[in-house]
1. Summing Lys, Arg as +1 and Asp, Glu as -1, what charge do residues with Cβ under 11 Å from the Cβ of K40 carry, K40 excluded?
2. Quick check: residue separation of E48 and A26 times 0.36 nm, minus the Cα distance between them. What number comes out in nm?
3. Taking the chain as a Gaussian network, where each spring joins two C-alpha atoms under 10 Å apart, which residue of D20, D47, D39 fluctuates the most?
4. Counting only helical runs of four or more DSSP H residues, what would the 222 nm mean residue ellipticity of the chain come to if each run contributes -39,500 (n - 2.57) and the total is spread over all its residues?
5. Bin width 10 Å, alpha-carbon pairs only: give the P(r) of the stretch 3-52 as whole percents, running from 0 to the bin holding the largest distance.
6. Please tell me the relative contact order of the chain in percent, rounded to the nearest whole number, where contacts are Cα pairs under 8 Å and at least six residues apart.
Amino acid sequence: MSDFMDKAKDYAEKNDDKVDEGAERAGELVDKRVDDKYDKAIDKGVDEVQQRTRGGDTV
Ligand SMILES: [Ca+2]
């Protein structure tokens, strides 16, 4: 694993609440841009990010 990925992973683990929130917001933003056509796929992607960055999601 590269140094950058190490740091990104470290950051994500220490700031899980912020990462979860950011993922949620990014998901909503994409949702609006694609006219809610892919909202289920996006929701799933957001959930996956939130779970991969530790359990205990904040949203
Ligand atoms: Ca999380």
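Here, each number is a calculation from the coordinates, and none is a lab measurement. As the structure is a prediction and not an experimental result, all values here were calculated from the model. With ideal geometry, Cβ positions are generated from the backbone for all residues, glycine too; neighbour counts draw on all protein chains shown.
1. Numbers: positive: K37, K44; negative: D31, D36, D39, D43, D47.
Charge balance near K40 sits at -3.
2. Working: separation 22, 0.36 × 22 = 7.92 nm, distance 1.32 nm.
The span from E48 to A26 would gain 6.6 nm if fully extended.
3. For the chain, modelled as a Gaussian network with Cα springs under 10 Å, the answer is D39.
4. Mean residue ellipticity, 222 nm, calculated: -24500 deg cm²/dmol.
5. With a bin width of 10 Å, the distribution comes to 27, 45, 23, 5.
6. Working: 35 pairs, mean separation 27.0, N = 59.
Rounded, it is 46 percent for the chain.
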